[in-house]
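See structure below.
The values are calculated or read from the model by the stated rules, or taken from the named source; none is laboratory data. Owing to the predicted nature of the structure, the values given are computational and were not obtained by experimental measurement. Backbone-built Cβ (ideal geometry, glycine too); neighbour counts: all protein chains shown. For accessibility, only protein heavy atoms count, side chains too; no ligands or nucleic acids. Shrake-Rupley method; radii C 1.70, N 1.55, O 1.52, S 1.80 Å.
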Amino acid sequence: MIFIAFGSNLSSELFGDPIQNCINAIEILKTRFNVEEISKFYRTEPIPKSSQSWFINGVVSIKTDYKPSEVLDNLLQIEKSFKRIRGVKNDPRVIDLDLISYNEIILNTKDLVLPHPRMHQRKFVLKPICDINSEWIHPVLKEKAGNLLKTLAKQKIFNINVNY
């Protein structure tokens, strides 16, 4: 499976609040890829913990003939269209789109690491993946998403009702 994580904790001039940023990002993803499933939306605390606003997060699964690097290029273009400014790592953001996994590919280049190197440490990624497929197996750790999620019980995450 190909998973793309989405998140936002800043309002944008273009779309409004973080929920709307995420909804609009998904709509744009649909114009570039075959979006198969969309997880629930979650309100999550920033990691590492900080005083910045909490995030809206989720995951989509897609199908595409694009290579992983081409998927990444598309995600960066979409972020740029939202006027995302990449500054300090873990800064607040209007939109964040991360290629989390691309089928069973294991990749480690200067520009892209697959699967995402910290995905198994982030409830805001694993919980939405479990919404889509809790039996998905991490290609490096050889562990089901549902089992990895159980190790992250202390991270705060709240389901939010989004009419999407």
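Projected label points at ASP91 and VAL140, each 7 Å from Cα along the beta carbon direction, are separated by 2.6 nanometres.
Taking all protein chains as present, what is the carbon and sulfur share of the accessible area of segment 1-134, in % to the nearest whole number, probe 1.4 Å? Accessible surface attributable to carbon and sulfur in segment 1-134 totals 49 percent. Would you list the P(r) distribution for segment 59-163, with all Cα-Cα distances sorted into 10 Å bins from 0 and each bin expressed as a whole %? P(r) over segment 59-163, rounded to whole percents: 13, 41, 38, 8.
Placing +1 on the Cβ of every Lys and Arg and -1 on the Cβ of every Asp and Glu, with no other charges, gives the chain a dipole of roughly 580 debye about its Cα centre. For a paramagnetic label modelled on THR64 (point 7 Å from Cα along Cα→Cβ), amide N atoms under 16 Å away belong, within segment 13-27, to 25-27. Accessible surface area normalised per residue over the chain is 54 Å², counting heavy atoms of protein chains with a 1.4 Å rolling probe.
In whole angstrom, segment 24-65 maps to an equivalent ellipsoid with semi-axes of 26, 10, 9, each derived as √(5λ) from the alpha carbon gyration tensor and ordered largest first. Inverting the pair-averaged 1/r between distinct Cα atoms of segment 108-164 gives 12.3 Å as its Kirkwood hydrodynamic radius. With all pairs of different C-alpha atoms in the average, the Kirkwood value for the hydrodynamic radius of segment 7-112 is 14.5 Å. A Förster distance of 35 Å, applied to the separation of the beta-carbon atoms of ASN161 and LEU76, puts the FRET efficiency at 0.70. Bridging of LYS80 to lysines at a Cα separation below 19 Å is possible for LYS30, LYS89, once same-chain residues fewer than 8 apart are set aside.
Per-residue extension of 0.36 nm, minus the Cα-Cα distance of SER50 and ILE106, leaves a gain of 17.0 nm for this segment. In a reduced charge model with +1 at each Lys and Arg Cβ and -1 at each Asp and Glu Cβ, segment 91-164 shows a dipole moment near 380 debye about its Cα centre.
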